[in-house]
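Right, one structure below, let's go through it.
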Amino acid sequence: MARRFCSPALLNHCVRSYLWGARYAAAHRIAYDDELYYVSALLHDIALTPTFDSHAVPFEEAGGRLAWVLGTAAGWPAQRAARAEEIIALHMRADVSAADDPEGHLLQVATSWEIVGRHAEQFPVDARAEILASHPRLGFGREFLACFEAQAKRKPDSAAAASVRNDLATRITANPLEDPPPS
């Protein structure tokens, strides 16, 4: 589904988010459900795509609900599908505890690294080069910023809008992964 509906830049971001989180988990010995984390990482931004963008619901909530639908359609018990929904819905927060929600913590850490370069010290330069070589950014910063600005315009009370108001553009530009910086 992610391969079909995400742009190449957004798909690579989702894959990188999984890979960064998995590396972080290994480095910090965080036990997690790999399948649940993988599915959540691959679908966490699906509601930023034109096909699944909700004009009323924040993208992380819409994406979480879609993950629940896909999980149950794939045969997951409703409780497991609800975990994917929760992980995706919470990934925009900065306070997801590894002890309480390892998969949510991994997605939050990975996406904040991917978008604005938080936790740079957690990701060695050689790991960065390896992951970026296999899943390049392809102008991701510009594309992501445009998605968030569109979300902010339609949903001024959303986390995306708060990020835009918190100078997301400057923070994306300062991200050590961003090359070249968005204009």
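The values are calculated or read from the model by the stated rules, or taken from the named source; none is laboratory data. Since we're looking at a predicted model, the values are computed, not measured. Because the Cβ atoms are built from the backbone with ideal geometry, glycine has one as well, and the counts that use them run over all protein chains shown. With ligands, DNA and RNA removed, areas are computed over all heavy atoms of the protein, side chains included. Shrake-Rupley method; radii C 1.70, N 1.55, O 1.52, S 1.80 Å.
Brief remarks on what is shown
- The chymotrypsin sites (Phe, Trp or Tyr not before Pro) of segment 29-133 include none that meets both conditions, a loop assignment by DSSP and at most 14 other Cβ atoms within 10 Å of the site Cβ.
- Residue with peak Gaussian network fluctuation, the chain [Cα springs, cutoff 10 Å], from GLU61, GLU143, GLU103: GLU143
- Here the alpha carbons of segment 9-124 define both size measures, Rg and Dmax, at 13.3, 39 Å.
- Within the chain, the selection of entire DSSP H helices by a Cα span of 27 Å or greater along the long axis and an average Kyte-Doolittle value of at least 0.0 returns 8-28.
- The sum of -39500 (n - 2.57) across all DSSP H runs of n ≥ 4, divided by the residue count of the chain, sets its helix-only mean residue ellipticity at 222 nm to -19500 deg cm²/dmol.
- Here, segment 30-86 yields an orientationally averaged convex hull projection of 4.1 nm² when only Cα atoms define the hull.
- Accessible area per residue for the chain is 47 Å², calculated with a 1.4 Å probe on protein heavy atoms, without ligands, DNA or RNA.
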